[in-house]
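Any read-out appearing in this document is the output of simple, stated calculations on the displayed coordinates, not a laboratory observation. All values derive from a computational prediction rather than experimental measurement. Because the Cβ atoms are built from the backbone with ideal geometry, glycine has one as well, and the counts that use them run over all protein chains shown.
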Amino acid sequence: MADVASKPGTRHVTRYQASHLDEARAAVGTTFYPHRLAPLERAPDLSMSLRTVQLGPIMLGRLGYGADVSLDFGELGNAYHVSIPLSGRVEAVCGGETSVSTCKRAAVYLPAGRTTITRWSADCVQYGVKIEREYLESVLESMIGRPVRSPVRFPFTFDVTDGAAAEWLRLVQTLAADLDLDTSMLYDPLMADQLARAVTTGLLLATGHEYQELLRGRTAPVRPRTVKRAIDAMEANPERPFTLPELAELVGCSVRSLQEAFRRYVGVPPMTYLRDVRLQRVHEDLSAADGTASVAEVAYRWGFHHLGRFAADYRRRYGVSPSRTRAM
């Protein structure tokens, strides 16, 4: 069950302990993904331990079962997941491909294709890094300057003992170092955007995938004046009810030219960029809330008028509801 004995507003890390399969399944299912959990021995001495922290669109956790088990997740669907054993081994199948991950080789489970862990060894404890699919692909788009229209094909496993992958692992280890504490400056919601971006960018740079050549040959594109002026206008007054034709007229170009320039030099459409600026302003206000303004009031203040859509967009970006951020 979850450990919730802490002072309100101070806890960042959530703790779970379980000695029964149903409890373990519920904890991991709530935090990461729904799944089927089964023992690989007749009377398992289960001692599941899970620590998790939400860093915006990333969930970081440390998990061990203390028994040989199997897990069937089906398709992850909305996330990329990196598993990094600290001890023991994990045998898995994803999209018909098999792998073994150890402390020297991490595994990447993709959004598409059935993911099954056929054996999680009793002595295995591992870090798990869950990155929302939409977020990872938007970061990649901003790095390569073009749309990403299908799941990134990461290698099923990669060596974490050398080079850029080892450096990325050290970043994860730094973030995971405080998982045994209730709270940490590293886990403060105000730092979540920067940390999530660093982890995601590092993974994209450190692992082999079909966009690596583009990343190696990348140069920082110089944004044209029309894009800069549009961004400056949206950053200065994100609450203003901008429309795409209004923005195009403001910067002196056609709607189509502005859309193409944002696609090439920013990686997202102008209205998506505006939404993200508004979400950031809401997040900052809710994180620093003094308790007098409601979530709806803050959302309206920054230009959101459809509260259901706003709440869904906020949860996709920050991994928690607006009301949860306000209560932290």
Checklist line | Principal-axis tilt of helix 189-206 within the chain, Cα atoms, nearest 10 degrees | finding: 80 degrees
Item checked: On Cα atoms only, tilt of 255-265 relative to the major axis of the chain in degrees -> 40 degrees
Note to self: Could you work out the relative contact order of the chain? I mean the mean sequence separation of Cα pairs under 8 Å and 6+ apart, divided by the number of residues, in percent.
What the structure shows: 16 percent
Margin query: So, R0 is 56 Å and r is the distance between the beta-carbons of Gln17 and Arg225; what FRET efficiency does that work out to, to 0.05?
Written below: 0.45
Notebook entry, point to check: Picking from Leu195, Leu110, Thr183, whose Cα lies most toward the positive end of the charge dipole for segment 2-214 (charges on Cβ: Lys, Arg +1; Asp, Glu -1)?
Noted result: Leu110
Next item on the list: If a/c stays under 1.5 just call it rounded; otherwise compare a/b with b/c (prolate if a/b is bigger, oblate if not). Do that for segment 222-327, with a ≥ b ≥ c from the square roots of the Cα gyration tensor eigenvalues.
Entry: prolate
Check: Gaussian network model of the chain, Cα springs within a sub-10 Å range: biggest mean-square fluctuation belongs to which of Leu60, Leu214, Leu171?
Finding: Leu214
Note to self: Test of understanding: what is the full-extension gain from Leu86 to Asn237, defined as 0.36 nm times their sequence separation minus their Cα-Cα distance?
What the structure shows: 49.6 nm
Notebook entry, point to check: If you place +1 on the Cβ of every Lys and Arg and -1 on the Cβ of every Asp and Glu, how big does the dipole about the Cα centre of segment 115-193 come out, in debye to the nearest 20?
Noted result: 500 debye
Note to self: Can you tell me, using C-alpha contacts under 8 Å and at least 6 residues apart, the relative contact order of segment 177-315 as a whole percent?
What the structure shows: 21 percent
Item checked: Inter-centroid distance (Cα atoms) of segment 42-65 relative to segment 138-152, Å -> 30 Å
Next item on the list: Decide, for segment 9-142, between rounded, prolate and oblate: order the square roots of the alpha carbon gyration tensor eigenvalues as a ≥ b ≥ c, take rounded if a/c falls under 1.5, and otherwise choose prolate if a/b is larger than b/c, else oblate.
Entry: oblate
Margin query: Sort 95-102, 203-210 by packing, meaning the average of other beta carbons within 10 Å per residue, with the highest value first.
Written below: 203-210, 95-102
Note to self: Calculate the FRET efficiency for Tyr300 and Gln194 from the Cβ-Cβ distance with a Förster distance of 41 Å, rounded to the nearest 0.05.
What the structure shows: 0.90
Check: Can you give the FRET efficiency for Lys104 and Glu260, using 1/(1 + (r/R0)^6), R0 = 45 Å, r = Cβ-Cβ distance, to the nearest 0.05?
Finding: 0.50
Notebook entry, point to check: Hey, got the dipole for segment 56-127? About the Cα centre, +1 on K and R Cβ, -1 on D and E Cβ, debye to the nearest 20?
Noted result: 220 debye
Next item on the list: Would you work out if segment 142-236 is rounded, prolate or oblate? Take a ≥ b ≥ c from the square roots of the eigenvalues of the alpha-carbon gyration tensor; rounded if a/c is under 1.5, else prolate when a/b is larger than b/c, oblate otherwise.
Entry: oblate
Note to self: Check which residues have an amide H placed less than 5 Å from Leu76's amide H, if you skip close sequence neighbours.
What the structure shows: Thr115
Checklist line | Label of the coordinate-derived value, P(r) over Cα pairs in 10 Å bins from 0, in percent, listed as (1) 6, 25, 31, 21, 9, 4, 2, 1, 0, 0; (2) 6, 27, 36, 22, 7, 2, 0; (3) 5, 23, 31, 24, 12, 3, 0, 0 | finding: (3)
